[in-house]
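Here is the structure we will look at.
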Amino acid sequence: MHTQKPLLPEGARRTAAWCGVLLLVAGVGAVAIWLCVVLKTAVTPVLLALLGTGLLGPVHHWLTARGINRSLAAGLTCAALVAVVGGVGYIVAEALIDSGGQIVAALKQGAQWVIDRFDIDNGTSVDDLADNAKHYLGKFGASAAGGLLTGISVAGTFVATGVLALLLTFFFLRDSDRAARLAHAVAPRGTGDLVEAMGRRAFVAVQGFMRGTTLIALIDAVCITAGLLILRVPGAVGLGALVFVGAYIPYLGAFVSGTVAVLVALADRGFVIALWALGVVLAVQVLEGHILQPVIQSRTVQMHPATIMVALTAGAGVAGLLGMLLAVPACAAAFGIIGVLRNGEGRVPQSAGPGDGGPGDGDGDSGAGDSVGS
């Protein structure tokens, strides 16, 4: 019997099949991103609550392990979070209020020194640059924060989003032991173990990012603040707070905060002290890149710098500053899920019991670092 010869060779058919898969995945991803942007009012608090749950999971687990009721433990954990964030916010606000004007004046002087020294655009003054920066920053901030809660001011929006995220964090912590059952309940028949494994691995990646980044940010801020205090740079505490906040946006945050510190030192203390301040910033960055990150985040979030930069760019394009904050943990979670699918994991290890500090395993020992890129 004569068999009809295929219209396309084997290689072309395989290529077409893979192109179809890629188009399908890209389409689903585009629709998911579009839905997140449209529903940002609800999505933003949920994502922030997941980050908070990943960071606070060990505290809640420590309390429940000592016999404290899960609801009470979740309430105490959230209360501690409010106290810590409120206290740190008050200290930072006081430091910025006391030295904010001095920092801004020093920044203007430093920028003008750079313009005059290198003869950059003779018709441009630092005041013109500042006005332009305010204009673009206003547009950028409006695009990043606008539309979250229509008709409410930006300050009210932030407060409402923060309160909702705090309440969701409470419920996520309290009901984390039900996450595995929920995964099996919503998953199609026969895929419950796979969905549970993907959820655990993604959450472990988010936990690793939040815990590691917070610890690294604290060490960076303390070291740079100490160095600036020794050099008697004005507003050292406020600059250290800027370093701490900027650390949650990898690479870009460190570059911006370090540049601000060096410019302030240049304007107020002169060129030599500015070089010393630059040395302090670079030394801390070398410490972070070669010691802190490999030791602290080696088992959880291992992504190539190029991957992080692409994720930051995409996040900024989708949701501005908030997108930049959420881009890296979201990318880490995606790599974790891809690792589960690639390895064909459909069975959760026995050591990863539900309720260990969040919707996923909170000890970071489930091998997320092996699947979150390199």
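The values are calculated or read from the model by the stated rules, or taken from the named source; none is laboratory data. All of these numbers come straight from a predicted model, not from anything done at the bench. Cβ sites come from the backbone with ideal geometry, for glycine too, and all protein chains shown count toward neighbours. Side chains included, ligands, DNA and RNA excluded: accessible areas come from the protein's heavy atoms. Shrake-Rupley method; radii C 1.70, N 1.55, O 1.52, S 1.80 Å.
Scan segment 78-89 and tell me whether some residue there is in a helix (DSSP H, G or I), at pLDDT below 80, open to solvent by 50 Å² or more (accessible area, probe 1.4 Å) and within 30 Å of Leu266 (Cβ to Cβ). Checked segment 78-89: at least one residue is in a helix (DSSP H, G or I), at pLDDT below 80, open to solvent by 50 Å² or more (accessible area, probe 1.4 Å) and within 30 Å of Leu266 (Cβ to Cβ).
Here the condition is being within 30 Å of Ile338 (Cα to Cα), among the aliphatic types (A, V, I, L, M), in a helix (DSSP H, G or I) and in contact with a helix residue (DSSP H, G or I) (Cβ under 7 Å, 6 or more places away or on another chain); of Leu278, Leu292, it holds for Leu292 alone. Selection within segment 31-40: residues that are open to solvent by 60 Å² or more (accessible area, probe 1.4 Å), at pLDDT below 90 and not in a loop (DSSP other than H, G, I, E, B). The member of this set that is farthest from Ala334 (Cα to Cα) is Val38. Restricting attention to segment 321-334, does a residue exist that is modelled with pLDDT of 80 or more, touching an Asp or Glu at 6+ places or on another chain (Cβ under 6 Å) and not charged (D, E, K, R)? No, there is no match, as no residue in segment 321-334 is modelled with pLDDT of 80 or more, touching an Asp or Glu at 6+ places or on another chain (Cβ under 6 Å) and not charged (D, E, K, R). Against the criterion of being out of contact with any strand residue (DSSP E or B) (no Cβ under 7 Å at 6 or more places or on another chain) and closer than 26 Å to Val85 by Cβ, Ala316 qualifies. Against the definition (touching a residue at least 60 places away in the same chain (Cβ under 8 Å), assigned to a loop (DSSP other than H, G, I, E, B) and farther than 22 Å from Leu48 by Cα), how does Pro250 come out, yes or no? When the stated conditions are applied, Pro250 does not pass them.
Scan segment 174-195 and tell me whether some residue there is part of a helix (DSSP H, G or I), open to solvent by 30 Å² or more (accessible area, probe 1.4 Å), under 16 Å from Gly52 (Cβ atoms) and at pLDDT 80 or above. Scanning segment 174-195, I find at least one residue that is part of a helix (DSSP H, G or I), open to solvent by 30 Å² or more (accessible area, probe 1.4 Å), under 16 Å from Gly52 (Cβ atoms) and at pLDDT 80 or above, so the answer is yes. Scanning segment 230-247 for residues that are under 20 Å from Tyr90 (Cα atoms) and in a helix (DSSP H, G or I) returns Ala236, Val237, Gly238, Leu239, Gly240, Ala241, Leu242, Val243, Phe244, Val245, Gly246.
For segment 226-255, residues that are in contact with a helix residue (DSSP H, G or I) (Cβ under 8 Å, 6 or more places away or on another chain), of a type outside the set (A, V, I, L, M), open to solvent by 20 Å² or more (accessible area, probe 1.4 Å) and within 16 Å of Leu282 (Cα to Cα) total 3. Does segment 265-278 include one or more residues that are under 21 Å from Val88 (Cβ atoms) and surrounded by 16 or more Cβ atoms within 10 Å (Cβ to Cβ)? No; the residues of segment 265-278 include none that is under 21 Å from Val88 (Cβ atoms) and surrounded by 16 or more Cβ atoms within 10 Å (Cβ to Cβ).
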